[in-house]
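Note sheet for the following structure.
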Amino acid sequence: MAAARGSSPDFGPLAEDYDRLRPVDEKWWELVDVLMAEGDLRGRRVLDVGCGTGRLAVALAERGAKVWGVDPSAEMLARARAVAGSTVGLKRGRAEALPFKDGWFERAVLRLVVHLVERPRALPELARVLAPGGRAVIATFAPGHFEWLWLVRIFPEVAEIDRGRFPAPETLAAELEQAGFGSLRTRELVQEGRLTREDALERIRGRYISTLRLLDEQTLAAGLERAERELPAEIDVRLEWAIVSGDLPTGA
C-alpha cells in the first residue's frame, strides 16, 4: 500500500517540468473555451486561483480577460512570471487567505485546484474577493474520470487517493451554496484522445500529477516497472470534467 504524505504535495519540484509533461493540445484549448463561456470571462477582472505556471492565466488574458494569478509555490510563480511577462498580475498566496481586497474581482477560476485546498476556508474567500454578482467557475474531474484514467491500470492507489480528494459535483455545488453562491450550474465535458507509450512513461517518471507525489518510492518504482513491461504502444485517454459555477447575489 502507498504511503500518502498529505493531500497537497509541494509543487516546487514540479515547476521546471510541469508544462513540458502537460503539453497544450486541442483538448486543453477546448477546456479554456468552456471556462471562458461558462464564466463569462471576456472583459472581466478575473482571479486565477492556483495559477501554477501561469499558462491558463495567459490564455484567458489573450481572450480578453483582465487576469491576476495567485499561487502558494514560489517556484511555480517564477515560471509564471517568465511565461506571462506583463500580460497578467501575479501574487503569492493561498486560496484559504487570498491576498486581495474585498470585492476586487468579477470572476474567479479554479482549474484542477479545488481538490488541493481546504474548501471550507477557500470557498468563502472566493466570495469575499468577488464583487456582488460575481461568479466562480471551477473545473474538476468527475467521479467517473477515475474509472477511465489510464494511470489507474498501473497505479490502482491513484484512484483510491483521488476519490477521496476530488469532490463530487453535487458536493461542490452544496459547498458553494453554503459559501454564499447561488444559481449553481454543472456542465460535463468528456474528452478522448491517445497517448504514446513513450510519453506515458515520461509522465510517470516525472510524477506529472500531484497524486504520484503522494506515493512512496517503493510503490512508484513497482508501478514504473509494471508500466515499462505492460503498456501498449498507444494508450486510450479519456478525461471526464465537471465544470461547476455559481453566482453571488447582486445586492450582497
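The values are calculated or read from the model by the stated rules, or taken from the named source; none is laboratory data. Fair warning: this is a prediction, and the values are worked out from it, not measured in the lab. Cβ coordinates were reconstructed from backbone atoms using ideal geometry, including for glycine residues, and neighbour counts include every protein chain displayed.
Just one of 122, 80, 84 is within 27 Å of residue 180 (Cα to Cα), touching a residue at least 12 places away in the same chain (Cβ under 8 Å) and not hydroxyl-bearing (Ser, Thr, Tyr); which is it? One residue alone meets the criteria, 122.
Checking every residue in region 178-187 against the condition of being of a type in the set (A, V, I, L, M, F, W, C) and free of Cβ contacts under 8 Å to residues at least 40 places away in the same chain gives zero matches. With (1) surrounded by 19 or more Cβ atoms within 10 Å (Cβ to Cβ); (2) modelled with pLDDT under 90; (3) among the hydrophobic types (A, V, I, L, M, F, W, C); (4) within 24 Å of residue 24 (Cβ to Cβ) as the list, and residue 148 as the residue in question, which single condition is left unmet? So the condition that residue 148 fails would be (1). Only a single item in (1) at pLDDT below 95; (2) touching a Ser or Thr at 6+ places or on another chain (Cβ under 8 Å) is not met by residue 24, and it is number (2).
Scanning region 32-59 for residues that are surrounded by fewer than 19 Cβ atoms within 10 Å (Cβ to Cβ) and either of a type in the set (Gly, Ala, Ser) or within 12 Å of the chain's Cα centre (by Cα) (or both) yields 37, 43. Does residue 147 qualify as being among the acidic types (Asp, Glu) and within 16 Å of the chain's Cα centre (by Cα)? The answer is no for residue 147.
Going through (1) within 18 Å of residue 150 (Cα to Cα); (2) exposed (fewer than 13 other Cβ atoms within 10 Å of the Cβ) one by one, residue 235 falls short only on (2). The requirement of being buried (at least 20 other Cβ atoms within 10 Å of the Cβ) and farther than 30 Å from residue 250 by Cα is fulfilled somewhere in region 162-185, by at least one residue. Out of 176, 215, report the one residue that is modelled with pLDDT under 95 and among the aliphatic types (A, V, I, L, M). The unique qualifying residue is 215. Considering region 189-212, and only residues there that are loosely packed, with under 13 Cβ neighbours inside 10 Å and in contact with a strand residue (DSSP E or B) (Cβ under 6 Å, 6 or more places away or on another chain), the residue that is farthest from residue 29 (Cα to Cα) turns out to be 194.
Residue 125 fulfils the conditions (1) over 27 Å from residue 184 (Cα atoms); (2) of a type in the set (D, E, K, R); (3) crowded, with 21+ Cβ neighbours inside 10 Å except for a single criterion, (1).
Annotation note: Cβ proximity below 6 Å between a residue of region 138-155 that is under 9 Å from residue 240 (Cβ atoms) and in contact (Cβ under 8 Å) with a residue 24 or more places away in the chain and a residue that is of a type in the set (A, V, I, L, M, F, W, C) and crowded, with 16+ Cβ neighbours inside 10 Å (sequence gap 6+ or interchain) occurs for 141/166; 142/242.
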